[in-house]
Amino acid sequence: MARRRGSARLPSRRFLPNDPRVAEPYRLTPQLAFRIAILGAVVLAAFAVLFLRLWALQILSGPQYLNAAQNNQLRVVRLQPPRGPIVDRNGVPLVENAAGHSVQLWPADLPKEGRYQLLKRLSTLLNVELKWLVEEIEARNGDPLTPIVVKRSIHRDQVNFLSERKSEFPGVTIARTYLRAYPRKSLAAHLLGHVGEATDVQLEANPSLRLGDEVGQAGIEARYDDFLRGTPGIAQLRVDSLGRPRSSLLLTQQPQPGQQVRLTIDARLQQAAQQALRFGIETAIENEAWYANGGALVAMDPRTGEILAMASEPSFQPSVFVGRTDPEKLLPFTDDEVAAARNFPALNRATQGLYPPGSVWKPVAALAGMEEKVLTPYELIQCTAKYVFKGEDGVDYEFGNWDRTVNEAMDLKIALAKSCDTYFYELAMRFHDLPPERGSPHQAWAKKFGFGAKTGIDVSPEEAGLLPTPQWRRETFTKARYPKTWELERLWKPGDSIQLAIGQKDLLVTPIQMARFYSLIANGGKLVTPHVFRSAEVPGPAGTQPQVVHANVPPPAVDSGVDPAHLEHVRQGLLQATHYPHGTSAGVFDSFPIAIAGKTGTAEKWSTKVGDHLDQSWWCGFGPYDSPELVVCALIENGGHGSVAAAPAARKVFETYFGIEGGQVDLTETD
Amino acid sequence: MAMVEASSPAQGARAVERPDVLELVRRLDWLLFGAVLGLVGFGLWAIAGITRHDVADDPDHFVVRQAIFAAAGAVGFAAALFVDPALYRRFRKPIYVGTIGLMVLVIATAGVTRGSRRWIDVGFFQLQPSEFGKLLFLFAIGGFLADRSRRIGEWGTVWRAVALGLAPTGLVFVQPDLGTALVYGAVLAAVLFVSGVRWLHLAVLGALAVLAAAALLWALPAAGVEVLKPYQTARIAAFTDREGDPAGATYNVNQSITAVGAGGLRGRGVDGSTQTRFDYLPEHATDFVFASLAEQRGFVGAGGLLLLYLLLLWRGIRIVSLARDPFSAAVAGGIVFWFLFQIFVNVGMTMGIAPITGIPLPFISVGGSSMVTSLLAMGVLQAIHLRAAGRRG
């Protein structure tokens, strides 16, 4: 067979020797041909599939994939705008921005292997909790392209360390950031508040916020966040698959810096108020009010309700909330025990502190008495050492006067000037003896003067205080809540009326409420809304004043309906209190070259810590007497008599306001 | 046939002889040669663009290496022309034993690279025996079946061939190199098919293969025996569910599809091919080279490449039909199916229609072993053509 096949038609023979196997009979059998055809068909089918798929991807869906590929490398970066500064009424900066570096972590760029080691290293390096970091990454599982701000404000050395080891920390980037800076340290700390990363609630409420955005968390920063925050810019950055930038930032939207917020605060007066408060506390301690340890002072323009200064002691440095926050330093804000030990520095006592007003309340009672015609200003009432009335049970109840030696007939002005308690006990009993259909006029007027409700000041939080009424007693002292004493406690007794008239017992007010009421006395009966926000501004053209884009329009002053003539009697009484020889704060203010009118208060408040009633030292007043520009209301916690702690503190503020240096002050203990 | 074989050692020894070069040149399959030349050239051009930005200081790093490999492969191609395929058949046993030995050596000595032991370091480059093994394996199985061509219809022959084939396949599989093991399996199937194994037997083997796959993927893991590595299972799972785990197992294929699609009709060019350039596309010079090519050169380039492959396969199939003996036919058929399988799986995986396995794209993927082996295989194919019965001049 081999021979037969070995014909001249086989040129291979010349090329290769004839091997027996080469000559092996082999034909393309139909069976093999069929199989080869199948092989060919498989090839064609396979290539048809490949071509179709290639066609579908490149030609039919090409544009979509091109888009996807472009988005792959374009990372949208939000450029945080600088937050607007906060300035005082004269443009003195209270909060500014300082440049800093923050460390960001892009979860999408973390390596799959060695991820834990990287995070561990990062957490040690930046002193952040590994657990927190892992939780943040897990929380962002669905959103791998929003960076986690691992740390704001890192030290220069850390910046260098990370920059030099970029390849060892894939997914970690360093970004420039703005940090809040407080050039005046603790000045107005309680007002300004602080910023922090948006919380879940804030993110929910404001869809324009993104995780990691900084927003105001308290005070002005929170209240006027919309002005201050600005609009983030949007930029695109071309990056490779490891997130390494391959281009510079391509801005698609310029960041809009936050607006400047101008406050009504006068930095100079604020400084004076804070110093005055500390001076008041020191003075109180010198005068044997050993427990004096805090207080509040409000200085406000009675005509407009603009707050010029608002101080609260103890205070804090707002910078503890900035950048590398130290948990230790934040303890007074986060830990109840530490807060109590430091006497609650976070508390803004001007708006949140609740105190019995004591004698600074007497003008309220006096105005209500005249308005309700249970009292006439010239009527003489005997001021005595004590006041006794026979109860329905036939027992004599005795209420003492702070002055145990007095026995003289007084009209309203003298009673206010000397702060006669028994005069107001008598007034209180006249209220008490009114027929029930007259309601509770004393409280009704107090309400018109703004007590028992929030003032609406734009500094939060604020307390409403407590204005006790017979109804309040009935509703509060229920059988369910007070199973033993409710039957007695739910009744409004003469004692309640008597104590209310001198601002004691259940009555609680905030210093800002009191300042607002004294503004009403000063401005002729109008109830203003206290506020600290003046305007939001953007920088004007170079060398010009900032342009106001939003001017604060506080709610218009409300006329309380009090008779100006009645008000005049009270005003004169308050002037006598600071000038009449035996006026309660005449020792402090009589020597003052500008006529100041005001009232002291010494309010007893139960201290669970000391286990005794401690005197809260008050002074509220205004000046100049003829055209009042400034109301000052000072309170020294546990500061003893109003005349020896609060009044001298208030005087310091008037001194700064009117530019008057020093002067003789006589500290006599009065009510 | 065994008798014939026994009687011819003296003549067989002269299988390599002084060739008539002119005759050789005349009898080459020039279309196939052109396709191979075109593929190598196209491949170098493609790699030049694809790896332009891979080595920072040396944009030609990979293309130079690849050109050196292509030159080495060309030497192998030329050498293969002068070897009568009958020689491979005669030495099929030493070849088989040698193949097995090499693979054992790989597993025993080779360093672990990217989790698998595939390479033997030989200085300039890393030898990947499983690539060369494809050809040797083909010779061994083809030789065995050719020797038994008269008993090809018997079960015994089939079983033995499968048993012979599974040993090196298994060794590749445990390296682990699932992709290459699949190529071995495909080559075995093709050789059985072309050698004329009965349809019934093929069907039974096919059914067994399906059962084995089911066992690997489902039954054994369910029973707690993990044969596949977790990443292998994940890749196969990713093939069936492309939406799941975008950062993990499906990342590669999604980036690859994006790259292919982004290429459009004309491609994005070397500098504009961001998927490749910025490393979104992993392994873009090796496993995913087709995606990079498609991104840079578009439908025109990628389709052109596929046409070149189609030309190559067509000529290959033609050589199967021209082969002068069953062994040559089986080897040619094995080579054709081997290339078809690698092309389809590699190109298919970059477009999401085949699971991801580490199979190189012949002539294009960066890699010396693959380039040299592919050119050697083409040399063998041409050698078969040279010695074809010459029914058609």
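Any read-out appearing in this document is the output of simple, stated calculations on the displayed coordinates, not a laboratory observation. Note that this is a predicted model, so its numbers are computed, not measured. Cβ sites come from the backbone with ideal geometry, for glycine too, and all protein chains shown count toward neighbours.
Some observations on this one:
- Remark: the A:Asn97-A:Trp55 segment gains 9.5 nm on full extension, using 0.36 nm per residue and subtracting the alpha carbon distance.
- Each other residue within a Cβ distance under 14 Å of A:Glu604 adds +1 if Lys or Arg and -1 if Asp or Glu, for a net charge of -4.
- The magnitude of the dipole of the protein assembly as shown, with charges of +1 and -1 set on the Cβ of Lys/Arg and Asp/Glu and taken from the Cα centre, is near 9180 debye.
- Summing Lys and Arg as +1 and Asp and Glu as -1 over all other residues whose Cβ lies under 15 Å from the Cβ of B:Gly153 gives a net charge of +4.
- Bridgeable lysines around B:Lys134 (alpha carbons under 22 Å apart, same-chain partners fewer than 8 residues away excluded): B:Lys93.
- Across the cross-link table entries A:Lys390/A:Lys454; A:Lys609/A:Lys652; A:Lys390/A:Lys609, which are compared at the Cα atoms, the separations over 32 Å belong to A:Lys390/A:Lys454; A:Lys390/A:Lys609.
- Here the 3J(HN,Hα) profile of the range B:294-299, calculated from phi with Karplus coefficients 6.51, -1.76 and 1.60 at θ = phi - 60°, is 5, 5, 7, 10, x, 4 Hz, Gly and Pro shown as x.
- Sites B:Val83 and B:Asp279, calculated FRET efficiency, Cβ-Cβ separation with R0 41 Å, nearest 0.05: 0.45
- Bridgeable lysines around A:Lys166 (alpha carbons under 25 Å apart, same-chain partners fewer than 8 residues away excluded): A:Lys112, A:Lys120, A:Lys131, A:Lys151.
- Convex hull (Cα only) mean projected area of the protein assembly as shown, reported in nm² to one decimal: 59.1
- Cα gyration tensor shape for the range A:118-216, rounded if a/c is under 1.5, else prolate or oblate: oblate
- A simple rule links phi to the HN-Hα coupling: the Karplus curve 6.51 cos²θ - 1.76 cosθ + 1.60 with θ = phi - 60°, which for the range A:512-529 gives 5, 5, 5, 4, 5, 5, 5, 5, 4, 4, 6, 9, x, x, 9, 9, 9, 9 Hz, with x for Gly and Pro.
- Calculated [222 nm] ellipticity per residue, helices only, for the protein assembly as shown: -14500 deg cm²/dmol; basis is -39500 (n - 2.57) per DSSP H run with n ≥ 4, divided by all residues, nearest 500.
- Taken along the Cα-to-beta-carbon direction at a fixed 7 Å, the label points for A:Arg342 and B:Ala222 span 6.4 nm.
- The range A:398-538 shape via C-alpha gyration tensor axes, a/c threshold 1.5: oblate
- Calculated FRET value between A:Lys609 and A:Asn71, using beta carbons and R₀ = 60 Å, to 0.05: 0.45
- Taking every residue in B:273-280 and counting other chain Cβ atoms within 10 Å of its Cβ, the average works out to 5.
- Aspartates and glutamates whose Cα lies under 19 Å from that of A:Lys418, excluding same-chain neighbours fewer than 8 positions away: A:Glu379, A:Asp403, A:Glu408, A:Glu426, A:Glu568, A:Asp590, A:Glu604, A:Asp615, A:Asp666, A:Glu669, A:Asp671
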